[in-house]
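See structure below.
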């Protein structure tokens, strides 16, 4: 424990004086520790590695954003641990709230709502994004999947019927899925072309 | 985004950080707020008519010492609260405890024994005025605290409330002519409790990061 304290404190000090390599290495090592603890903690709550990784990233960003609050005359690990604890408590609350909201979702919307963040993420990874959807679908997918609203609230907000909300949501998700398939196909075609060119 | 990509981005931004700036900002803001409270009192209330005799008897000085003790103690607490993982400052706690003990100090006197009802009424007036005076400093304190990373936002907000009411009391003591201990306890105590509670509530919302 003392070795880590000394090593990380001096790495942070070096990082402050401009050593970006030391900083990157320090953040890598911290991430390993954070990941282990986040996975253990979230597993107990019933959440998986994806959520744990989100917490790790949030904590790293907080460490970076609030790095000026570490007093060099004081030990580094308590500072790190305090920030990690704060962020992990925050995340725990947020995840529990999201889970409660899903539990309160009416059954007919549930399958879509559970699939939606993944579908939106697929769309994002494919290089397109929810931005590429036509306006109504984009608004509804954002409001339902990314912001976590309820169908009735979204219907009220856009002054359309709940059925119209569901239709737009289905269409938006299907379009995102198709976009990601197209991207896969495009990628495969490009890779085949490259391979043929090398031959 | 994958975590290693995030780390690369953060490292590219660089880790340069000046740790002392936070303290300077807090302290500087406190001084500014003290000056603000003084200016407000002079502008709206003026000085107390018995300034000379109050100074002579020491009662004004006691009031000022109490206010100063609370304010500097609160500032000491805040300097730690705003840095994650730092324990509370013993000196800050001593300062606050000492200030509270001073309230029952002899120079303040016990006032008229049968005037408790009157005390309550005028104490309420003083409480309201001091609480109002403390509002602007509280807002400024909270916004200064957002530059830090308070891991206990409610506690930090409460300490900000204590700081604000102490600074308000510093200015207010120059106007309020009642120095007896029951009045000070009621008026200043009431104002302190109200502003601390308000600070805690506001801190829970405003100091999240």
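No lab work stands behind these numbers, since they all come straight from the coordinates. Please read all numbers here as calculations on a predicted model, not as lab measurements. Cβ sites come from the backbone with ideal geometry, for glycine too, and all protein chains shown count toward neighbours.
Summary table
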quantity: Two-decimal log10 I(q)/I(0) for chain B, as the Debye equation yields it once each C-alpha is a single scatterer, q = 0.12 Å⁻¹; calculated: -0.62
quantity: At R0 = 41 Å, FRET efficiency that the Cβ-Cβ distance of residue B:205 and residue A:178 yields, to 0.05; calculated: 0.45
quantity: Projected area, mean over directions - the range B:28-74, Cα convex hull, nm²; calculated: 3.6
quantity: Of B:37, B:89, B:53, the one that fluctuates the most in a GNM where chain B has Cα springs shorter than 10 Å; calculated: B:53
quantity: Distribution of pairwise C-alpha distances over the range A:1-105, 5 Å bins, in %; calculated: 2, 12, 22, 22, 16, 11, 7, 4, 2, 1, 0
quantity: Modelled FRET efficiency - R0 60 Å, residue B:1 with residue B:44, Cβ distances, 0.05 increments; calculated: 0.65
quantity: Gain in span if fully extended, residue B:146 to residue B:23, counting 0.36 nm per residue against the direct Cα distance; calculated: 43.0 nm
quantity: Orientation-averaged projected area, Cα convex hull of the protein assembly as shown (nm²); calculated: 29.3
quantity: Extension gain (nm, one decimal) between residue A:171 and residue A:94, 0.36 nm per residue minus Cα-Cα; calculated: 24.9 nm
